[in-house]
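Q: Below is a structure I'd like to ask you about.
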């Protein structure tokens, strides 16, 4: 996170605080792990680094956003017939339109909810109900981190064999708070909070890591943000779907039989999936 969304300054300082440099650390088998800034010939195709997404990969997130949307619909339902208002679709249209302005995360969602509520109700929504929408966002920001089953053990196992980094997007303060609470921060050599997860962002991060894409695996629940960009760069991906996903994160087309992609259903399967990809990459 030494650079976030291409912007320097305060966020760069925050990034340095989160960076975990572990030159010459040993894994559980006693093998010396190479320093992250060591230069390795591009021809070496062995997997060196594993990236993890955070929201809905390490901990629950979308469940709470879904509940907030239901609460939002109940508030606006006091003014319009929800069956005719296309509330869900109209809110998503506004959220998507605002991503480039507000970014991802709770605050952007709440601002879009307020805009949608004013527009859909024809400016009839009361100040009291607008305040209720703001409170939905505050509740989301205060929600404790709930790790997904098997994730702490899986991350620890993978970190014993490979360098691991955390790459997440969203509101900086909120993501920082969740990283502090999750209890896994010390396992990651770097923690990157970015404004977008696309090919440009991953390419920049891989340059920072001094790592060719073919030596990198990304693990996450979002095909759009975690898997597709890395595959496009020549890297590897492990998709671990979550039971609910924001529509925006489903906007990706990847062949089910993509050769550098694996899919697992549970965290307990992740270490073996990584080892299998590492074996294929090294062949």
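Q: Compare the peptides 204-214, 128-138 by average per-residue count of other Cβ atoms within 10 angstrom and give them in order, highest first.
A: So the order, starting with the most tightly packed, is 204-214, 128-138.
Q: Something else: How would you rank 45, 195, going from fewest to most other Cβ atoms within 10 Å of each one's own Cβ?
A: If I rank by nearby Cβ atoms, fewest first, I get 45, 195.
Q: Can you pull a Stokes-Einstein diffusion coefficient for segment 173-283 at 37 °C (0.692 mPa s), Rh from Kirkwood over Cα pairs, as a whole number of µm²/s? Numbers along the way, then the final one.
A: Numbers: Rh = 15.0 Å.
Estimated diffusion coefficient is 219 µm²/s.
Q: Compute the projected area of the convex hull of the Cα atoms of segment 62-142, averaged over all viewing directions, and report it in nm² to one decimal place.
A: Working: hull surface 19.6 nm².
Spelled out: convex hull of the Cα atoms, projected over all directions, averaged, 4.9 nm².
Read-outs throughout are calculated quantities, based only on the coordinates presented, and are distinct from any laboratory measurement. Because the structure is predicted, anything quoted here is derived from the model rather than measured. Cβ sites come from the backbone with ideal geometry, for glycine too, and all protein chains shown count toward neighbours.
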